[in-house]
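Working notes, beginning with the structure itself.
The values are calculated or read from the model by the stated rules, or taken from the named source; none is laboratory data. None of the values given here were measured: they were computed from a predicted structure. Counting neighbours? That spans all protein chains shown, and the Cβs are built from the backbone with ideal geometry, glycine included. Protein only, heavy atoms only, side chains kept; ligands, DNA and RNA dropped before computing areas. Shrake-Rupley method; radii C 1.70, N 1.55, O 1.52, S 1.80 Å.
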Amino acid sequence: MCGIVGYIGKQKALPIILSGLERLEYRGYDSFGFCVFNSKPLLYKEVGKISLAKALAKIKSDGLIGIGHTRWATTGEVTKENAHPHSGCKEEIFVVHNGIIENYKQLKEKLIKEGHKFKSETDTEVIVHLIEKYFKDNLEKAVTRALKDIRGTYGLAVISVKDPDKIVAARLSSPLIIGVSEDEFLIASDPSAIITTTRQIIILEDNEVAVIKKDGLTILKEEKELKKEPEMIEWDIEQAEKGGYKHFMLKEIMEEPNVIEDAIRGRFILEEGNVKLGGLESVEKKLREINNIFLIGCGTAHYACKIGEYMFEEYADILSQSDFGSEFRYRKPIVDKKTASIFISQSGETADTLGCLKEMKEKGAMCLGITNVVGSSQSRETNAGVYTRSGPEIAVASTKAFIGQLTILAMITVYLGRQRNMSLTEGKEIVSALKKLPLMAKEILIQAEEIKKIAKKYNKYKDFFFIGRKYNYPIALEGALKLKEISYVHAEGVAGGELKHGPLALIDKNCPTIAICPTDAVYEKMISNIEEIKARKGPVIAIASKGNEEIKKIADEIIYIPKTLEILTPILSVIPLHLFAYYFADSLGCDVDKPKNLAKSVTVE
Ligand code: G6P
């Protein structure tokens, strides 16, 4: 989510680090910092965007080694103190880090008892204090020892004045590459930061630790040395920014399994069949009293709200209603002490959603947020909330952020449910099923080529219906929205049962329907809907549960998704629809990332 750049070699490190960081800013970062060794370490941090010229005019350094970071806040607000690099009690060791340290609170408590002084709110800072604690005379040994105490994910780079001629880098589930050139090495979280200097790269794999000196590189795994040869990357800058994918949207869809993983990371208490949501701790008692919830959002976030409505009612026994931000404004919601409102927004800046938040605050309702952008207006205005941790989303059409929102909603459902009537067994069942979702999501993405073929086959049609029931009704709405917004064909989402009340009049051989029909409580009813469509010669693409052979008899195309609990199916069933919309629009040559007439963040009402 954040960006890392490091340099060691014969050139001045600072300009190389700063231009690398500047190249990473396309992902929308909020603060940055670096540490370069001159005779003394030069540590610099700032909130806001990097201005290379300004920074270079202000700061002089001849240092030949350094590390830098652009932050996209996850733990801790956007402040100078929270920007990286972080140092220990003494300004001797410096760390930049991407990822999430799950057990940072416990580690921090312990380190404070041992006398360590913390300067930031970040999870990262525990890493540097641990390294400081274990440091004797060798940096890689201290890093390796510190990593044994850590639970979570990391891509990190460390330098120390006490072992000054090396960068130590390590990776677990957070990308890190090493650029190799003559007598110099770069390190980065993203190839776009370094490919203007070198195209020879070594990809660091999980649990590998690299010790990078200006005259050589050692890669260690479980303290044993590995031999790795550099490979050539042919990407140009634009491709590199998109991780090699043609569009940001495709890259973001491909990140969906990681989004689930990041959203749930460190937030489960499996033995209690519950979740731990730090952002809701301050309102825990009040939430027990709540008997009425409004869920408000716009666009894709609104469909997340709709699914939340089903989730809260079924599993937490709370009366729930969702609405568009733009419509809720005209209602007269009945609000009392037992009313909560949840605002869902990727950006946290959507004017209609913020307008409702202001009104609900004035009415005295508890206001909670599910937001992706830390420090956004929404996260500042709400009483409490949960961050989705989905990483920057660049494509205008929201995809991975939606997956993050649904994952958080499922966790809040468990939280509210366990405060009320949800049994330990049921809580455990949902939490265990959530844990399996990232792998299941990956299983769907493996079918990307198949989905692409189907999308191409259907790209001559100009009208589509998407149908679903219960949890998958809002998914039908989202599937249709995605298709129309990026490919400009007409697509309509309909509740399966409503077909016969009107839309069926439009069904014929020229109007395909995408039917979301996993094997769940409403499966039989969905099959009846598909039969109604087939009787009118409408082509049908079914999103069905793996192992469902029966569906082959009626659907023209089938995309299978793995089986999970009904409440969690929307998190999986939407993935093929995101891919379908993407490949459909791309096959028509549309500007997928920037659809006409639309904006990523709508800050006007
Ligand atoms: C715009 C975007 C949509 C997004 C909606 C809500 O319309 O194009 O993709 O779903 O805003 O944005 P938010 O940031 O509040 O989730």
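Rank Y488, Y330, Y134, Y471 by accessible area, highest first, at a 1.4 Å probe radius? Working shown, then result.
Numbers: Y488 90, Y330 175, Y134 50, Y471 5 Å².
Largest to smallest exposure gives the sequence Y330, Y488, Y134, Y471.
Gain in length, E271 to K117, computed as 0.36 nm per residue apart minus the alpha-carbon separation, to one decimal in nm? The partial results should precede the final answer.
On the way: separation 154, 0.36 × 154 = 55.44 nm, distance 3.31 nm.
Result for the pair: 52.1 nm of gain on full extension.
With a 1.4 Å probe and all protein chains in place, put D586, D215 in order of accessible area, largest first.
Details: D586 35, D215 135 Å².
Accessible-area ranking of D586, D215, largest first: D215, D586.
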Each label point is 7 Å from the Cα along the Cα-to-Cβ direction; what then is the distance between the points at E531 and I554, in nm?
0.6
Accessible area (Å², 1.4 Å probe, nearest 10) - R265
30
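Take the alpha carbon atoms of region 238-444, find their radius of gyration, then divide it by 2.2 N^0.38 Å using N residues; give the quotient. Show your work: numbers first, answer last.
On the way: Rg = 16.7 Å, N = 207, 2.2 N^0.38 = 16.7 Å.
Taking the Cα Rg and dividing by 2.2 N^0.38 Å, one obtains 1.00.
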Using a 1.4 Å probe on heavy atoms of the protein chains only, the accessible area for F37 in Å², nearest 10, reads 20
Karplus couplings for region 386-400 from phi (6.51 cos²θ - 1.76 cosθ + 1.60, θ = phi - 60°), rounded to Hz, Gly and Pro as x?
10, 7, 7, 6, 7, x, x, 10, 9, 4, 4, 6, 6, 10, 5
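Mean separation of Cα pairs under 8 Å and 6+ residues apart, divided by the residue count of the chain: what relative contact order is that in percent?
Details: 1368 pairs, mean separation 64.9, N = 605.
It rounds to 11 percent for the chain.
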So if I place +1 on the C-beta of Lys and Arg and -1 on the C-beta of Asp and Glu, and nothing else carries charge, what would the dipole magnitude of the chain be about its Cα centre? I want it in debye, nearest 20.
540
Whole number in Å², please: accessible area per residue of the chain, 1.4 Å probe, ligands, DNA and RNA not counted.
40
Consider a paramagnetic label point 7 Å from the Cα of A599 along Cα→Cβ; state which residues of region 395-413 have an amide N under 17 Å from it.
395-398
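Counting DSSP beta bridges with both partners in the chain, what percentage is antiparallel, nearest 5? Let's see the in-between values first.
Values: 63 of 104 bridges.
Beta bridges within the chain, antiparallel portion: roughly 60 percent.
Using a simple charge model, +1 on the beta-carbon of Lys and Arg, -1 on the beta-carbon of Asp and Glu, nothing else, what dipole does region 1-95 show about its Cα centre, in debye to the nearest 20?
Roughly 300 debye for region 1-95.
Roughly speaking, what is the stretch gain from K12 to K136, that is 0.36 nm per residue apart minus the C-alpha to C-alpha distance, in nm to one decimal?
Numbers: separation 124, 0.36 × 124 = 44.64 nm, distance 2.88 nm.
Computed gain between K12 and K136 is 41.8 nm.
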Expressed in square angstrom to the nearest 10, the accessible area of K338 with a 1.4 Å probe stands at 90
Return the whole-Å distance between the Cα centroid of region 317-332 and the Cα centroid of region 541-568.
32
Against the rule of thumb 2.2 N^0.38 Å, how large the Cα Rg of region 447-594 comes out:
0.94
Grab the Cα-Cα distance for R151 and S432, subtract it from 0.36 nm times how many residues apart they are, and report the gain in nm with one decimal.
99.3 nm
Straight-line reach check, K276, cutoff 21 Å on alpha carbons, 8 or more apart in-chain or any other chain, hits among lysines -> K105, K108, K110, K285, K286, K428, K435, K436
Trypsin sites (Lys or Arg not before Pro) restricted to region 427-523 and DSSP loop, no more than 12 other C-beta within 10 Å
K460, K462, K509
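Could you grab the relative contact order for region 518-559? Cα pairs under 8 Å, six or more apart, rounded to a whole percent.
Working: 37 pairs, mean separation 16.3, N = 42.
Averaging sequence separation for qualifying contacts and normalising by length gives 39 percent for region 518-559.
Report relative contact order for region 238-444 in percent, whole number only (criteria: Cα-Cα under 8 Å, sequence separation at least 6). Before the final figure, lay out the partial values.
Values: 381 pairs, mean separation 61.2, N = 207.
It rounds to 30 percent for region 238-444.
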Which whole-percent values make up P(r) of the chain when all C-alpha to C-alpha distances are grouped in 20 Å steps starting at zero?
20, 50, 27, 3, 0
Give me the dipole magnitude in Debye, nearest 20, for region 3-233 about the Cα centre, with unit charges on the beta carbon: positive for Lys and Arg, negative for Asp and Glu.
500
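Calculate, for N291 and T218, the FRET efficiency according to 1/(1 + (r/R0)^6) with r their C-beta to C-beta distance and R0 60 Å; round to the nearest 0.05.
Values: r = 61 Å, r/R0 = 1.01.
Step by step, r from the Cβ atoms, then E = 0.50.
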Bins of 10 Å, starting at 0 and running to the largest distance - Cα pair percent for region 204-286
13, 21, 26, 25, 12, 2, 0
Once K105, K361 are ranked on solvent-accessible area with the largest value leading and a 1.4 Å probe, the list reads K105, K361
